[in-house]
Every structure is written in structure tokens, then in C-alpha cells.
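Right, one structure below, let's go through it.
Derivation of every value follows stated rules applied to the coordinates shown; laboratory data play no part. In this text, all values refer to a predicted model and were calculated from it rather than measured experimentally. Every residue, glycine among them, receives a Cβ derived from its backbone with ideal geometry; neighbour counts consider all protein chains shown.
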Amino acid sequence: MELELILYLALMLMTAETFGWIFARIGQPIVLGQIIGGILLGMLFPPTTEVIDISMLGVLFLLFMAGLESSVDELKEAGKVGFLTAVVGVVVAFLIGFAVVYPFKGFKQALLYGALTTPTSVSLTVRVLMELDALKTVEGNAIITAAIVDDILGIIILSVVISILVQGGANSIGIGIILLKVMAFLVASIYITPPAIDWLLRKVVRLGFADSTITLSMAVLFAFAYLAEHMNLASILGAYLFGLALSETEFRKPIFEHTRIVAHSIFIPLFFVDVGMNIPLKNISHVGIFALIFTVGAIVSKIIGCGLGAFIAGLNLRQSLRIGIGMIPRMGVELAMLAIAMNAGIVGEDAYVVIVLMIFLSTLVTPPLLKMSFSRENSEET
């Protein structure tokens with residue numbers, strides 16, 4: 001049964017709002033509610049290609065907003081603990097993800113799944129730390145700074161993996177060329193784009209078209225995403241790096257505030273509902289055991305990797321364990337990465353089920369584990 005596009009979008013937005021509200025009321029991430037709502041909606045009305053194309057804009061907005069919320073200064077000030085936590089966590093997560101998947105899916109899919117395990121979504125962790133009054137602790141600061149570095153590394157790894165898989169493989173020279181492209185993109189975004197876009201937006205304001213700064217920013221965002229894809233990299237890399245570039249200008253706050261309303265009211269909810277609508281429920285029985293093994297590997301990889309990074313940086317075992325637990329959750333970036341991989345035709349429908357189940361379980365286990373790790377010290381103090 002097919003619906004007209006406008007009616008589809010209306011149903012998707014109402015579903016996102018309704019289930020997001022329900023999950024917020026029971027103390028769960030709104031995103032999970034939107035995905036569940038999408039699953040139910042998809043059982044009645046399978047998504048059309050037009051709906052999928054529009055929802056992909058949500059992927060770009062999601063990464064653009066993440067870039068805007070970061071800053072080059074924050075990356076420079078991440079410090080030894082945040083940097084080592086992120087780097088070691090990403091490396092270990094990739095290796096464990098690869099090792100877990102390889103016996104089931106082979107080399108190419110193991111590369112992709114390994115890349116998909118690398119990012120972290122700490123919004124849930126931040127909420128729990130705020131409840132525990134522990135956000136400003138050594139552990140809280142390390143988790144927040146590590147998450148920024150973590151996402152950038154994860155997006156870069158996925159860009160490299162997608163480029164390799166799209167090209168059908170790559171030798172050392174090919175991988176070197178891909179890394180050079182990524183480095184060129186990074187350098188341009190950090191050193192060239194900020195002053196250029198700042199000058200351009202100032203010109204627009206002086207000409208009396210202040211409101212056009214938002215429109216112009218969106219145009220450059222899509223151009224950056226297209227450029228990244230044209231270079232055989234992930235479009236989300238372009239979206240993230242342009243957001244990071246804009247964060248270095250005086251227009252960061254107004255563009256963030258105006259874009260946030262549109263992005264979080266329309267495009268990002270559409271994306272998460274679309275994720276749910278695209279989950280093939282018939283495949284759950286086929287991936288059940290593999291999904292469980294992969295999820296355990298993904299959870300353990302962050303505890304070990306990020307915990308080890310924090311320990312190497314000089315924190316004690318208890319602090320390192322807390323940081324490792326706090327870095328467990330996955331959410332928005334992983335789904336954006338998965339959507340890009342599916343759009344590139346290098347991953348099948350089963351991956352949707354596996355990644356979404358991993359996201360659900362990782363977000364469910366983090367709050368109790370985090371509270372338990374902090375409650376031990378409190379009980380010892382009393």
C-alpha cells in the first residue's frame with residue numbers, strides 16, 4: 001500500500017514526536033523511541049525511494065550539527081587522557097569488531113562492521129553523570145573530550161573503508177592515496193575553510209542579506225558533502241568537517257540555533273523513523289546469534305579500549321573502568337555511517353538489524369553499569 005509523499009512525511013513526523021515523547025517519559029533516549037515508531041510504521045507502509053532520499057538529508061544535518069558543536073580548540077585541549085582514551089578506544093573497537101565479524105561475514109564485511117563499532121554517543125552517559133553529580137569529575141571531562149576525537153576518527157575510518165570497498169579493494173598505495181585525500185580535507189577544513197566562509201558570510205551581512213547566511217551555509221554544506229562523495233569518501237565526512245569549520249567563525253551560534261530547529265524538528269527525526277521503517281523484521285531470526293555476539297564484542301571493546309587508553313594516560317583502574325563504561329553507548333553517528341554504507345551498496349539489510357540491536361543493548365546496559373561503578377566508591381566512603 002503506497003501513500004503520497006507528503007502524507008508519508010506527515011505520518012513519519014507524527015510517529016517521531018509521539019514515540020519520542022513516550023520514550024522520554026520512561027527515561028530512555030528519544031532516538032530509540034523514534035526507531036521503534038519507525039519499525040511499527042514500516043509494518044504498515046514500507047518506505048518509498050523518495051522518502052529514503054529525503055531522510056538522507058537528516059544524516060547530513062546530524063553530522064553537520066555534531067561538527068558545529070565541536071571546535072578545533074576543544075580538539076587541541078582534549079589533553080592526554082581524552083586523546084589516548086579516544087585513540088586506543090577506536091583502535092581496539094575496530095580490531096575486536098573485525099575479529100568478531102570475520103568468521104561470520106568475511107574480510108570485507110568485517111572491515112565495515114569494525115568501522116561501525118568505533119564511534120561513541122555520550123549523550124546518554126552525560127545525562128547519567130549529571131544525575132550522579134559526576135559530570136565535572138576527571139572521568140566526566142575525559143569522556144566528553146574523548147567523544148569528540150572519537151567521532152572524528154570513526155568517520156575517517158569509515159571513509160577509508162567505504163572508499164576501499166567501493167573500489168573493490170586497495171593496495172598500500174591506494175590506501176595511502178585515500179589517507180592523503182582525508183588529510184587534505186582535514187587541513188582545508190581547519191585552516192582554509194574557516195577564514196574563507198567567515199569572509200563570505202560577513203560580505204553577505206554587509207550587503208544587507210543577514211538571513212541569507214543560513215541559506216548560504218546550507219548550500220556549502222551540501223557542496224562539501226558532494227565533494228567528499230566525489231572523492232570516494234563518505235559524504236558525512238564533508239558534512240562534519242564543514243560544521244567543524246563553521247564552528248571557528250563568529251556565525252557559529254546563530255547558524256547553530258537556526259539550523260537546530262529545522263534539523264531536530266524535521267530532518268533528523270525523519271532519518272531515525274526511516275531507520276526503523278527499513279529494518280527487515282523477517283531477518284531477525286537469521287541474525288539473532290550473530291547480532292548478540294557482535295553486540296557483546298562492541299560493548300566489551302569500548303570498556304577495554306577506552307579504559308586501557310585512560311589507564312595508559314595515568315588514571316587508576318577504577319577511573320579507567322568508569323571511562324570505558326561511559327564510552328559504551330552508540331547511537332546517531334553509527335546509524336548515519338550505516339545509512340551511508342547502505343547507500344553505497346556495500347552492506348545488506350541484515351546490517352540494519354544487527355546495528356540497531358547493538359545500539360539498543362548498548363544504551364540499556366550503560367546507565368546501570370555506570371551507576372554501579374560510581375556507587376562502589378560512595379559505599380566505601382561511608
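For a bin width of 10 Å, list the pair-distance distribution of segment 159-247 built from all Cα-Cα distances, rounded to whole %.
17, 42, 25, 12, 4, 0
Counting Lys +1, Arg +1, Asp -1, Glu -1, what net charge surrounds Val87 among other residues with beta carbon under 14 Å of its beta carbon?
Once positives and negatives cancel, what remains is 0.
Give, as a single signed number, the net charge of other residues whose beta carbon lies under 12 Å from the beta carbon of Gly238, with Lys and Arg counted +1 and Asp and Glu -1.
So the surrounding residues net to 0.
Normalised by the residues of segment 181-319, what does the relative contact order come to in percent, with Cα pairs under 8 Å and at least six apart?
After rounding, I find 21 percent.
Suppose only helical runs count, i.e. DSSP H with n ≥ 4. What mean residue ellipticity at 222 nm does that imply for the chain under -39500 (n - 2.57) per run, divided by all residues and rounded to the nearest 500 deg cm²/dmol?
Computed ellipticity for the chain at 222 nm equals -26500 deg cm²/dmol.
In what sequence do Leu165, Leu186 fall when counting other Cβ within 10 Å, fewest first?
Ascending number of Cβ neighbours within 10 Å: Leu186, Leu165.
What are the extents of the Cα atoms of segment 119-277 along their three principal axes, in Å, largest first?
50, 48, 37
Given H placed 1.01 Å from N in the peptide plane, which residues other than close sequence neighbours of Ser121 have an amide H under 5 Å from its amide H?
Hits under the 5 Å cutoff: Arg330, Met331.
Starting from the exponent 0.38 and prefactor 2.2 Å, build the expected Rg for segment 266-364 from its residue count and divide its actual Cα Rg by it.
Here the Cα radius of gyration is 1.24 times the empirical estimate.
Please state, to two decimals, what the Cα-based radius of gyration of segment 1-158 comes to when divided by 2.2 N^0.38 Å (N = residues).
Segment 1-158 yields a ratio of 1.24.
With an 8 Å cut-off on Cα pairs and a minimum separation of 6 or more residues, tell me the relative contact order of segment 295-382 in percent.
That works out to 33 percent.
Past the 29 Å Cα-Cα mark, which pairs from Lys80/Lys371; Lys108/Lys302; Lys80/Lys108; Lys253/Lys371; Lys253/Lys302; Lys302/Lys371?
From the list (Lys80/Lys371; Lys108/Lys302; Lys80/Lys108; Lys253/Lys371; Lys253/Lys302; Lys302/Lys371), the Cα-Cα distance tops 29 Å for Lys80/Lys108; Lys253/Lys371; Lys253/Lys302.
May I have the extent of the alpha carbons of segment 92-137 along their three principal axes, as whole Å values ordered from largest to smallest?
44, 14, 13
May I ask for the net charge around Gly314, where only other residues with Cβ less than 15 Å from the Cβ of Gly314 are counted and Lys, Arg are +1 while Asp, Glu are -1?
With Lys, Arg at +1 and Asp, Glu at -1, the net is +2.
Order these by the 10 Å Cβ neighbour count, fewest first: Ile359, Ile177, Ile96.
Sorted ascending by nearby Cβ count, the order is Ile177, Ile96, Ile359.
Arrange Glu17, Glu250 by Cβ neighbour counts within 10 Å, fewest through most, would you?
By the 10 Å Cβ count, ascending, the order reads Glu250, Glu17.
Which whole-number percent is the relative contact order of segment 55-372 (Cα, under 8 Å, 6+ apart)?
It comes to 34 percent, rounded to a whole number.
Can you work out D for segment 72-159 in µm² s⁻¹ from Stokes-Einstein, where Rh is the Kirkwood radius over C-alpha pairs, the temperature is 20 °C and the viscosity is 1.002 mPa s?
156 µm²/s
At what distance in nm do the modelled label points of Ala10 and Ile173 sit from each other, each positioned 7 Å from its Cα along Cα→Cβ?
5.8 nm
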